[in-house]
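Please read the structure below before turning to the comments.
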Amino acid sequence: MDLELRGIRKEFPGVLANDDVSLVARSGKVLALIGENGAGKSTLMNVLSGLYRPDAGEILLDGVPQNFHDPGAAIAAGIGMVHQHFMLVQIFSVADNVVLGVEPTTVGGVMDRKRARAEVREISQRYGLAVDPDAIIEELPVGIQQRVEIIKILLRGAKVIVFDEPTAVLTPQEVEEFFGIVAELKSNGAAIIFITHKLKEALAIADDITVLRSGKVVGHADPATATPEELASLMVGRDIDLSVDKAPAKPGATVLELSEVTVTDDYGRKLLDSVSMTVAGGEIVGIAGIQGNGQTELVQAITGLLPVETGKVLFQGRDVTKLNPRKLHQAGIAHVPEDRNHMGMVGSFSLSENLILDSYYSDQFSKGLQLNRGAIQESALALVQAYDVRPPNIDNTGDALSGGNAQKMIVAREFSRDVPLVICAQPTRGIDVGSIEYIHEQIVLKRDEGKAILIVSTELDEIFSLADRILVMFDGEIVAERLTSETTPTEIGLFMAGNRS
Amino acid sequence: MTAAVESYEVTGRKSKILSRSQIRKARISGIALFLMAAVIMLVFVPAVSGVSTFGISTVTDFIQLSPISVPSAGSLWILAGVLAFLGTSQFMRGFQTKTTIFLGIGFFVFVLAMMVWASSGQQFSLVSMLTATVARSTPIALGALSGILCERSGVVNIGIEGMLLGGAFTGVVMGSLLGGWIGLVAATLTGGILALLLAVLSVNFRVDQIIIGVVINILVLGLTSFLTSQLLLKNPSLNDAPIFPSIKIPVLGDIPIIGPMFFNQTVIVYGMFLLVGLTTFFLFRTRWGLRTRSVGENPKAADSLGISVAKVRYLAVVYGGMVGGFAGAWFTLGTVGRFDEGMTGGRGFIGLAAMIFGGWNPIGAFLASLVFGFSDSLQQKFAVLETPIPTEFLAMAPYLVTIIVVAGLVGRARPPAADGQPFEKQ
């Protein structure tokens with residue numbers, strides 16, 4: 001089934017979210033829809049799935065105009081969405097999730113679970129999506145949960161399948177499997193819309209690319225000839241340099257040293273297994289690894305959020321293993337946490353309040369029991385401007401910021417302190433290209449000031465473009481150490497998969 | 001599939017290695033077991049003499065079983081020995097993951113010892129106490145069921161107490177005027193109407209559900225107290241409803257002990273059995289149940305599949321409220337036939353505890369309410385046997401058990417994921 005959108009316009013009070021958007025997705029083809037956060041991708045997809053009514057424009061399926069009043073109508077017409085945050089009931093079985101809303105029943109609404117299981121099996125065999133119908137969702141890895149979402153929409157007869165940021169939560173291996181599934185769906189004649197801001201993935205998988213910016217279609221690209229730089233420039237509206245410009249590192253004195261640090265969980269399992277490493281001033285050390293191999297715990301052990309069982313953490317030669325987070329913070333460690341919404345900021349606080357979360361008690365911002373509003377506002381205004389947080393309204397709440405701007409605000413808070421060590425966990429996860437470029441520049445700037453920088457990222461590209469030295473973590477251990485100039489992504493990828501050096 | 005295998009290994013390891021908190025819990029439960037043994041030996045044993053007699057059939061029973069007599073002191077020593085043995089083994093190697101179960105067994109043994117102590121030199125009618133246990137657990141089980149229905153759909157209902165009280169009141173008034181059956185229907189409808197208020201305010205206006213529940217409780221308490229003084233005291237004929245008789249089910253009702261407990265009760269108790277069974281079936285075996293539970297777990301997912309979250313919640317909440325109103329009829333039509341201010345005495349809240357203890361599952365909640373009903377009827381029996389414990393203290397028993405259960409034994413119970421969260425369509 002071919003899908004065509006013609007001149008879609010959707011306006012919210014004060015925001016023109018979609019302005020005359022037209023695009024075509026053809027049966028058996030993959031259309032990649034790329035754009036920065038806030039470019040209007042989500043609005044467009046909500047229009048397509050019947051959640052919003054467009055103010056103008058038409059949705060055509062095989063040339064026939066459609067009119068969707070609600071999500072049910074879009075599903076019935078053959079449009080299926082796989083949301084970025086899966087729409088699954090965690091405690092239900094796979095089969096119950098798949099048939100929810102279209103349950104096969106015997107007399108009087110009694111569930112026919114046998115038929116539900118058979119339906120799941122039938123679809124999973126036809127499309128090669130191996131899933132056990134009786135498995136409970138919360139016990140399944142994310143990649144398998146995604147398959148359940150796909151089976152769910154296939155059962156409802158979806159001919160047009162929309163994937164919203166499908167690879168954001170997957171491991172590299174799962175991404176490969178996902179591409180295989182997409183190829184299978186394609187060969188079965190589905191029209192696929194792939195929403196992403198990972199340019200390399202769009203280039204790898206799409207047959208056609210449409211770029212959105214500020215609610216408008218600003219261009220099309222042919223994946224066979226386009227380059228990531230061209231796409232990024234189209235998305236942002238100015239030239240973008242994806243490679244990070246930096247001079248060779250000049251490592252100075254050691255700032256952070258871990259010797260045989262071990263951390264265990266409640267059950268005695270080793271989360272960090274005898275980790276030893278150093279970070280010197282003036283260098284960026286990157287921790288590579290697939291998510292869940294101890295990177296989170298490494299950062300938490302250094303910043304005092306997790307107790308160290310055995311081993312030592314030395315900061316500027318001083319033993320700081322037993323210090324609490326505030327003491328470590330005062331000693332001179334800046335920390336951009338991996339989960340900005342839960343650890344980096346308080347969503348319901350204003351920007352000015354978020355910017356003093358770590359220093360509200362200092363003489364600069366408080367006198368006795370009272371906060372010094374004037375000084376807080378002044379400092380917040382200066383930071384918001386210096387770090388290009390948009391919109392620069394310091395009374396807005398943290399929740400109101402886009403991912404990229406929230407991250408810039410956190411970077412502003414942490415980087416504005418003149419401290420010897422900066423730890424950035426997943427500094428650019430899920431944020432737009434413009435913000436990525438900006439944050440990368442700031443990190444390199446810090447290094448050139450002679451600070452020690454520790455970066456943790458699951459994006460190998462990011463590690464390679466930023467780090468001067470790469471450590472690879474696997475199963476709580478550091479399994480390899482390489483200078484960036486002397487290694488390749490392939491070699492590091494092998495270590496990430498568990499090969500030893 | 002490798003990831004699935006890995007996670008299996010992780011859980012496999014969890015069961016073998018004890019965490020620090022588990023070890024601490026094992027220690028504490030060991031100490032508790034020893035303490036109970038000490039109380040038996042130092043307090044109970046010196047106070048008893050002669051034999052304790054337990055009646056296991058009533059005069060009207062078809063099959064008469066002779067009462068069991070045991071030497072009081074001797075059996076107390078044995079029970080204390082069992083507790084000390086359990087405590088020792090807990091310290092020696094521990095019961096590991098079964099710690100809670102053995103602590104429960106320990107409590108049961110201690111309760112037995114209390115019964116031996118209280119009935120020393122007297123006759124203790126075991127069967128009438130057990131029959132009272134089932135009867136007294138009825139409003140608690142129904143209250144829990146009311147909570148389960150609401151919370152499985154994602155609406156917290158702490159207004160159960162008010163629904164019980166409202167049902168008790170209209171039940172007695174309509175019962176006095178038009179007979180018990182009409183009273184029962186009126187009580188059920190009252191619960192439904194109060195639940196409708198909860199549904200409108202929580203689903204349409206997204207008011208905080210805890211506040212609505214508190215409002216319902218206060219509203220009903222105030223309203224029924226006012227109407228009692230203004231209406232019932234002036235017209236005593238309105239507060240004189242027929243009481244449902246116990247109906248003995250042929251054959252089954254003649255089974256010793258079990259018969260009087262489960263098959264010689266009022267229609268309200270039978271109604272509770274039926275509702276527990278039916279609701280379990282509805283929730284876990286039907287389309288309606290699947291949708292209700294999905295709305296309580298992840299309303300967004302249900303909505304994206306074209307299920308109306310509002311409709312599902314309305315239905316579940318009103319159904320739950322009607323169960324609560326029906327339970328209210330037990331207090332008046334099922335026992336005394338008259339209404340007194342605040343006569344539900346917090347049974348709705350104990351029902352909430354039973355709901356949690358039973359893991360938001362109707363059958364689990366029923367079993368949990370048996371525990372509460374048991375403590376309730378035990379304290380009544382002790383009051384009759386004139387033990388040295390003041391009756392005021394005995395009356396605390398059901399509430400004490402509630403605190404112990406909720407604080408100590410629940411722990412891992414997991415509420416529906418979207419419990420208490422209003423749903424807003426995008």
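The values are calculated or read from the model by the stated rules, or taken from the named source; none is laboratory data. Quantities reported herein were computed from a predicted structural model and do not represent experimental measurements. So basically every Cβ, Gly included, is an ideal-geometry build from the backbone, and we count neighbours across all protein chains shown. When the accessible area is computed, the model is the full protein with side chains, heavy atoms only, and any ligands, DNA or RNA have been set aside. Shrake-Rupley method; radii C 1.70, N 1.55, O 1.52, S 1.80 Å.
What to note about this one:
- For the chain pair A and B, buried accessible area totals roughly 2800 Å², probe 1.4 Å, rounded to the nearest 100.
- Using the Cβ-Cβ distance between A:Val346 and B:Ser246 with R0 set to 41 Å, the FRET efficiency works out to roughly 0.10.
- Computed on the range A:348-417, with alpha-carbon pairs under 8 angstrom and 6+ residues apart, the relative contact order is 40 percent.
- Helices in chain B, meaning DSSP H runs of at least 4 residues, each add -39500 (n - 2.57). Divided by all residues, the mean residue ellipticity at 222 nm is -21500 deg cm²/dmol.
- Neighbour cut-off at most 11 other Cβ (10 Å), DSSP loop, trypsin sites (Lys or Arg not before Pro), the range B:88-189: B:Arg93
- Per residue of peptide B:292-303, the mean number of Cβ atoms on other chains within 10 Å of the residue Cβ is 5.
- Antiparallel %, DSSP beta bridges [both residues in chain B], to 5: 70 percent
- Ranking A:Ile136, A:Ile356 by solvent-accessible area of protein heavy atoms (1.4 Å probe, all protein chains present), from largest to smallest, gives A:Ile136, A:Ile356.
- Residues in the range A:96-124 occluded by at least 10 Å² - accessible area, probe radius 1.4 Å, against chain by itself: A:Asp96, A:Leu100, A:Gly101, A:Glu103, A:Thr105, A:Gly109, A:Val110, A:Met111, A:Arg113
- Burial of accessible area (probe 1.4 Å, heavy atoms of protein chains only) in the range A:22-51, relative to its chain alone, reaches at least 40 Å² for A:Leu51.
- Taken along the Cα-to-beta-carbon direction at a fixed 7 Å, the label points for A:Tyr360 and B:Ala417 span 3.1 nm.
- Charges were assigned to the Cβ only: +1 to each Lys and Arg, -1 to each Asp and Glu. The resulting dipole of the range B:128-409 about its Cα centre is roughly 800 debye.
- Shape call, the protein assembly as shown: gyration tensor on alpha carbons, a/c limit 1.5: prolate
- Remark: spin-label model distance A:Ser22-A:Asp461 equals 3.1 nm, labels positioned 7 Å along the Cα→Cβ axis.
- Cα-projected label distance for B:Lys98 with A:Ala183, points at 7 Å along beta-carbon direction, nm: 5.3 nm
- Separation between Cα centres of the range A:267-339 and the range B:30-79, rounded to whole Å: 60 Å
- Ranking A:Met1, A:Ser49, A:Leu33 by how far each Cα lies toward the positive end of the dipole of chain A (charges on Cβ) leaves A:Ser49 at the top.
- In a reduced charge model with +1 at each Lys and Arg Cβ and -1 at each Asp and Glu Cβ, the range A:3-236 shows a dipole moment near 440 debye about its Cα centre.
- Accessible surface, the range B:251-359, averaged per residue in Å² (probe 1.4 Å): 33 Å²
- Delta accessible area of at least 50 Å² on complex formation, residues of the range A:64-87, 1.4 Å probe, chain isolated as reference: A:Met87
- Going by accessible surface with a 1.4 Å probe and the largest first, B:Ser237, A:Ser276 read B:Ser237, A:Ser276.
- Given charges at Cβ of Lys, Arg, Asp, Glu: chain B dipole, positive-most of B:Leu221, B:Ala365, B:Ser375: B:Ala365
- Take every Cα pair under 8 Å whose residues are at least 6 apart in sequence, average their separation, divide by the length of chain B, and the relative contact order is 24 percent.
- Surface per residue (accessible, 1.4 Å probe) for the range A:266-374, Å²: 48 Å²
- Remark: relative contact order (the range A:3-236) = 30 percent; criterion is Cα-Cα distance under 8 angstrom and separation of 6 or more residues.
- In this Cβ point-charge picture (+1 for Lys and Arg, -1 for Asp and Glu), the protein assembly as shown has a dipole of about 2840 debye about its Cα centre.
- For chain B: rounded, prolate or oblate by the Cα gyration tensor [a/c cutoff 1.5]: oblate
- Only lysine pairs 8 or more places apart or on separate chains count here, and in chain B those with Cα atoms under 25 Å apart total 9.
- To the nearest 10, the accessible area of A:Glu338 is 50 Å² with a 1.4 Å probe.
- Membrane-span-like helices in chain B (whole DSSP H runs, Cα extent of at least 18 Å along the helix axis, mean Kyte-Doolittle hydropathy of at least -0.5): B:20-39, B:72-92, B:99-118, B:126-152, B:160-178, B:180-199, B:209-227, B:267-285, B:309-331, B:362-385.
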